[in-house]
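Here the structure comes first, spelled out in structure tokens, and everything after it is commentary.
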């Protein structure tokens, strides 16, 4: 059985699942946000059981009745307060999701709904929190498939958009293609072509083959570039800065168009490899992207974030951490 991961925008207290998850505080006595809403809607029986339990540590989870809620149970977990990322906040947030899921399975439950833990008054950055939530849930379900459905319930538009990107990527891919085409709309044709970069890979940078490679190259707008012009992928590493600015948006759009058909092209790997800033190659990396304007760098960041959110792509994640996160808006 494959567990469904679903998305809903609305009121968590109205979700009729086996369990909903409460973003509680350590006292378990109720508070603001979703915690207060659950206690108000669920009635005094939830608070009575919370008082008997007495306490819950950050990252841990406990379970009580659902009281007057349509959900049978409430799993209370305590998310971390954001302190700049230096106090194991990411690890503790992942523990919240994993421990809540574990409790649900131990209780024999089949459906569970989560809020966006720690992203309210606790201040955890929503982008990072969504990535941790999705990665933790997916990793858990890979090895523990007993649950039928895990739902993320978002109250605000920003959180909903982040989860929508990850869970329904086709819509976001089409939007990103439009953004990339608009952002790189005025990029001129480079002095050297992809085919010439491939020749440089073979230590050829002059002569008849070099001249023919330029003469025979497609010279229209990059968005109309035939996909055949983007091979072999290894040539991407040998492009000059103006060539990178012309061809890289075409590579990004290629990856976005083909993420569903898994055509086996190594252009995927080449595109992500080129975007990652590696130790001992910092100067080379900076030179490659030196002509990219601020909005163009932001578009690259969005492209990488899409593949991290939707597919947990390790190189996209490393590229974001190493350089591109700073350009996200």
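The values are calculated or read from the model by the stated rules, or taken from the named source; none is laboratory data. No experiment lies behind these values; they were computed from the predicted model shown. A quick note on method: Cβ atoms are made from the backbone with ideal geometry, for glycine too, and the neighbour counts reach across all protein chains shown.
You will find that of 147, 141, 162, the residue that is over 21 Å from the mean Cα position of the chain (by Cα), in contact (Cβ under 8 Å) with a residue 12 or more places away in the chain and either surrounded by 14 or more Cβ atoms within 10 Å (Cβ to Cβ) or assigned to a helix (DSSP H, G or I) (or both) is 147 and no other. Just give me the residues in the range 265-286 being out of contact with any helix residue (DSSP H, G or I) (no Cβ under 6 Å at 6 or more places or on another chain) and modelled with pLDDT of 90 or more, in sequence order. Hits for the range 265-286 are 273, 285, 286. Residue count for the range 72-119 satisfying the condition of being at pLDDT below 95 and touching a helix residue (DSSP H, G or I) at 6+ places or on another chain (Cβ under 7 Å): 0.
Residue 235 meets all of the listed conditions (1) in a helix (DSSP H, G or I); (2) assigned by TED's automatic domain parsing to the domain that holds residue 282; (3) more than 18 Å from residue 272 (Cα to Cα) but one, namely (3). Just so you know, in the range 318-329 the residues that are surrounded by 16 or more Cβ atoms within 10 Å (Cβ to Cβ) and free of Cβ contacts under 8 Å to residues at least 40 places away in the same chain include one that is nearest to residue 271 (Cα to Cα), and it is 320. Among the residues in the range 200-222, are any assigned to a helix (DSSP H, G or I), at pLDDT below 90 and either surrounded by 16 or more Cβ atoms within 10 Å (Cβ to Cβ) or in contact with a strand residue (DSSP E or B) (Cβ under 9 Å, 6 or more places away or on another chain) (or both)? Checked the range 200-222: at least one residue is assigned to a helix (DSSP H, G or I), at pLDDT below 90 and either surrounded by 16 or more Cβ atoms within 10 Å (Cβ to Cβ) or in contact with a strand residue (DSSP E or B) (Cβ under 9 Å, 6 or more places away or on another chain) (or both). Checked across the range 47-57, the condition of being touching a helix residue (DSSP H, G or I) at 6+ places or on another chain (Cβ under 7 Å) and farther than 19 Å from residue 113 by Cα holds for at least one residue.
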